[in-house]
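**Student:** One structure follows; several queries about it will come next.
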Amino acid sequence: MQLYDMPDERGHFGQFGGSFVAETLVEALDELRVMYEKYRYDPEFLAEYAYDLKHFVGRPSPIYHAERLSDKIGGAQIYLKREDLNHTGAHKVNNTIGQALLAKRMGKPRVIAETGAGQHGVATATIAARLGLECVVYMGSEDVKRQAPNVFRMKLLGATVVPVESGSKTLKDALNEAMRDWVTNISNTFYIIGTVAGPHPYPMMVRDFQTVIGIEAKEQMKEMIGRQPDAVVACVGGGSNAMGIFHPYIDVPNVRLIGVEAAGDGIETGRHAAPLTATKNSAVGVLHGNRTYLMQDADGNIIDTHSVSAGLDYPGVGPEHAWLKDIERAEYVGITDDEAMAAFHNLCRTEGIIPALETSHALAHAEKMAKTMRKDEIILVNLSGRGDKDINTVAKLANITL
Amino acid sequence: MSRIKKTFAILKANNKKALIPYIIAGDPHPKFTVDLMHTMVENGADIIELGVPFSDPMADGPVIQRASERALVHKVGLRKVLSLVKEFRVKDNCTPVVLMGYANPIEAMGFGTFTTAAKGAGVDGVLTVDYPPEESEDFIAELNKNDMDCIFLLSPTTEAKRIDLVAKQATGFLYYVSLKGVTGSANLDVDEVKARVAEIRKQTDLPIGVGFGVKDAATAKSVAAFADAVVVGSRTVLTVEQSSEETLMSNIGTLIQELRTAID
């Protein structure tokens, strides 16, 4: 069997990925590519990264058998990969530590980041504080409002949070603004992208730093139940937590990989953020440095997306997911706001775990699947983040005053 | 001979430099675009750079982004932009028109459909900000097939080896981005730009335009001393933004005249 070996040297996953950037960014990306190649397999770099993951993040994150939830559903057994237990409360920190260590080696004293839900911003601010780097985080002004606790956390950690007022005032606009900062301050600044999108080498590099999730999961599942799960389920906005857990499983036969997008008010309403699942208003195009599936109108302008979860509210998706969909190695489905909210409450009350709203999309789909499966079958859900940051959103939806 | 090549040849014979103003098609309303183009030509523009509105103009500063948003309110997409160029061609069949924009509107239309339609409308060149030469072989081939020029950017950080690669793929002229940043973000350093342009000239015979930081007539004048063309983007777009419907044409006319006088 030929082992999965993507992307090619210029960052292409079939027709997807690549490096579609203005000339002003080309040299900076070349520098990054060369430096990443230099350190990617460097034992010293990897040892430093592993040390931080263990002692600063608290890895390995455990896998937990959600027995009460599984019993309640009455089908397949649901296991949770507990990325919510990482320092800062989500998988994002796996990647920010990797990139920040690289920034340090490249002699860049300033890091910038874009953030949607704020998890990537917090994870960047955290590692910047620890390494003594200046940190600026761009965040859509809409997201600043709906993710207030994370904005405060970033500020506590010494980061400057810049609300972005342009466009739809969400994640994609934050990314545009971060790119603009980067072109302007290219000599002293490292751009820490939070998801498996952007120009090469970002989709590959972010994936590499996140694969620790899947690598651990494979060992842990073997230890716990002596075999691998029948299905791995993860939510997909840009898709970094999903790529992290999927990637080590791509070459493992008979493990279904399922990415769950935000169907918002429902795919049929057009108010969603599900470019891989939707057939209307979604097509292959170029945005933020890579070719992928994008939510767009007939003129090729990016359309406003909607999701209850800020972290999934993105019109594109990482190019490797687009590739895995086209080669039919992974499946992609949509879960609505309401379905995600139900799964959120269900996990809180059945298992004593408050999941992030992003993660709740993966949980909702796992519940749906479990019902149709046998009791001895296994679903592994990547519990990508904890839900403390979402309490304001949840309270508002339930008409509760905090 | 293409309109762009011809324009540069005539200018050179007269010892003059090209003035290339930029506006966003459809800003502030599509009904003004064709008249604005004619007004710019009447007042001394040699080539018109017409911006294609895009929802996510990552390489542009706030001035051009706002203009893009104003045009998108009126649903001015790439097809509409081409129809505006066609309308412009009714009265003006010699001023070159270069479209400047982002990849996705072209991707959405498809290379083949776009290039055929653009040629039919009377477009002379295309500058796509996020199509570097490495990612646009098929697109360049389509443009070449239709005798349209493919214009590329060079930046302050572009290394010599890469200048060579870009210059080999480019036709029409090369566009040197005079500063590290987005459009209209700062004032350019004339001496630094001059030195860079001299370096680029060693590697290409194509005319070299300079833009991204030309904010006034004085800067235009100093850039024209060593470049073949001066591109004035954000300054022109800002004038559009600050004008009322009544003053729009006269304000743009005055600005272009000032720039023309300065560079001659």
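The values are calculated or read from the model by the stated rules, or taken from the named source; none is laboratory data. Every value quoted in this text rests on a predicted model; they were computed, and no experiment measured them. When we count neighbours, we look across all protein chains shown, and the Cβ atoms used for this are built from the backbone with ideal geometry, even at glycine. Heavy atoms of the whole protein, side chains included, go into the accessibility calculation; ligands, DNA and RNA do not. Shrake-Rupley method; radii C 1.70, N 1.55, O 1.52, S 1.80 Å.
**Student:** Quick one: in region A:8-26, which of the residues that are closer than 20 Å to A:Ile192 by Cα and either open to solvent by 50 Å² or more (accessible area, probe 1.4 Å) or more than 8 Å from chain B (Cβ to nearest Cβ) (or both) is modelled with the lowest pLDDT? Please lay out each step first, then the result.
**Tutor:** First pass over region A:8-26, keeping only residues closer than 20 Å to A:Ile192 by Cα: A:10-11, A:17-26.
Narrowing the set further to residues that are either open to solvent by 50 Å² or more (accessible area, probe 1.4 Å) or more than 8 Å from chain B (Cβ to nearest Cβ) (or both) leaves A:10-11, A:17, A:25.
Working: A:Arg10: 95, A:Gly11: 97, A:Gly17: 98, A:Leu25: 92.
The qualifying residue modelled with the lowest pLDDT is A:Leu25.
**Student:** Can you tell me which residue in region B:37-51 is farthest from the other protein chains (Cβ to nearest Cβ), limited to those that are among the charged types (D, E, K, R) and open to solvent by 20 Å² or more (accessible area, probe 1.4 Å)?
**Tutor:** Taking region B:37-51 and keeping what is among the charged types (D, E, K, R), we get B:42, B:46, B:49.
This time we only want the ones that are open to solvent by 20 Å² or more (accessible area, probe 1.4 Å), so: B:42, B:46.
Details: B:Glu42: 30, B:Asp46: 23 Å.
Among those residues, the one meeting the criterion is B:Glu42.
**Student:** Give me a count of the residues in region A:355-378 that are touching an Asp or Glu at 6+ places or on another chain (Cβ under 7 Å), farther than 23 Å from A:Ala273 by Cα and surrounded by 19 or more Cβ atoms within 10 Å (Cβ to Cβ).
**Tutor:** 1
**Student:** Consider region B:152-174. How many of its residues are more than 9 Å from chain A (Cβ to nearest Cβ) and either over 19 Å from the mean Cα position of the chain (by Cα) or open to solvent by less than 20 Å² (accessible area, probe 1.4 Å) (or both)?
**Tutor:** Residues of region B:152-174 more than 9 Å from chain A (Cβ to nearest Cβ): B:160-161, B:163-165, B:167-174.
Adding the requirement that they be either over 19 Å from the mean Cα position of the chain (by Cα) or open to solvent by less than 20 Å² (accessible area, probe 1.4 Å) (or both) leaves B:160-161, B:163-165, B:167-168, B:170, B:172-174.
The qualifying residues number 11.
**Student:** What's the number of the condition A:Ile267 fails, among (1) open to solvent by less than 10 Å² (accessible area, probe 1.4 Å); (2) among the aliphatic types (A, V, I, L, M); (3) touching a residue at least 60 places away in the same chain (Cβ under 8 Å)?
**Tutor:** That leaves (1) as the condition not met.
**Student:** Can you report the number of residues in region A:27-60 which are modelled with pLDDT of 95 or more, crowded, with 19+ Cβ neighbours inside 10 Å and within 14 Å of chain B (Cβ to nearest Cβ)?
**Tutor:** Selection size over region A:27-60: 3.
**Student:** Does B:Val34 meet the test of being buried (at least 20 other Cβ atoms within 10 Å of the Cβ) and touching a residue at least 40 places away in the same chain (Cβ under 8 Å)?
**Tutor:** Judged against the criteria, B:Val34 is a match.
**Student:** Output the residue which, of all residues in region A:183-209 that are within 10 Å of another protein chain (Cβ to nearest Cβ) and not in a loop (DSSP other than H, G, I, E, B), is least open to solvent (accessible area, probe 1.4 Å).
**Tutor:** Per the stated criteria, the residue is A:Val183.
**Student:** Considering only region B:127-139, how many residues are surrounded by fewer than 19 Cβ atoms within 10 Å (Cβ to Cβ) and more than 13 Å from B:Gly112 (Cβ to Cβ)?
**Tutor:** Taking region B:127-139 as the starting set, the residues that turn out to be surrounded by fewer than 19 Cβ atoms within 10 Å (Cβ to Cβ) are B:134, B:137-138.
Filter once more, so that each one left must be more than 13 Å from B:Gly112 (Cβ to Cβ): B:134, B:137.
Final tally of qualifying residues: 2.
**Student:** Do we find a residue being hydrophobic (A, V, I, L, M, F, W, C), more than 16 Å from A:Asp297 (Cα to Cα) and open to solvent by 10 Å² or more (accessible area, probe 1.4 Å) anywhere in region B:52-61?
**Tutor:** To start, the set of residues in region B:52-61 that are hydrophobic (A, V, I, L, M, F, W, C) comprises B:52, B:54, B:58-59.
Checking the rest, the ones that are also more than 16 Å from A:Asp297 (Cα to Cα) come to B:58-59.
Remaining after also requiring open to solvent by 10 Å² or more (accessible area, probe 1.4 Å): B:58-59.
Yes, there is a match, as at least one residue in region B:52-61 is hydrophobic (A, V, I, L, M, F, W, C), more than 16 Å from A:Asp297 (Cα to Cα) and open to solvent by 10 Å² or more (accessible area, probe 1.4 Å).
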